[in-house]
Amino acid sequence: QVFSHHCPFLMGPIECLTDVVTPDTDIQVTLSIFELASAAGIPCEVDPALVNVLAGSKTDGSSPEEDYKVACLLLVFVAVSLPLLASDPASVYNTEVDG
């Protein structure tokens, strides 16, 4: 909010960019926009840091320590997201898809 108040000419275009992202947008463009938005402090639907870690972990010669770090990062992501989704009235558990 402080950044938006002091630099609206910077935050306005970034907020406009995040508004135009749709599911049809190219994934690389979407990740670039979300990376810019998260650096500016705007909440995003996708965490670009998590995507970068997961994309980097697809190497064949990854060590068990790196796999462990990625697994821990995913568990933290689930632990943070689950209470938010559970308290959201729009979230529904569907038994047909187990989710």
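The values are calculated or read from the model by the stated rules, or taken from the named source; none is laboratory data. Please read these numbers as outputs of a predicted model, since none were measured by experiment. Cβ placement follows ideal geometry from the backbone for every residue including glycine, while neighbour counts extend to all protein chains displayed.
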**Fill in**
Those helices (runs of 4 or more DSSP H) completely within the chain that have 1 or more residues that are in contact (Cβ under 8 Å) with a residue 24 or more places away in the chain are 2-6, 8-19, 48-56, 64-87
**Request:** Being exposed (fewer than 11 other Cβ atoms within 10 Å of the Cβ), at pLDDT below 85 and not β-branched (Val, Ile, Thr) narrows it down to one of Tyr93, Tyr68, so name that one.
**Result:** Tyr93
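Take region 67-99 and flag every residue that is closer than 15 Å to Val53 by Cα and out of contact with any helix residue (DSSP H, G or I) (no Cβ under 9 Å at 6 or more places or on another chain).
Listed by number, the residues that qualify are Asp67, Tyr68, Ala71, Cys72, Leu75, Val76.
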**Asked** Any chance region 13-36 includes a residue that's of a type in the set (Gly, Ala, Ser), at pLDDT 75 or above and within 18 Å of the chain's Cα centre (by Cα)?
**Response** yes
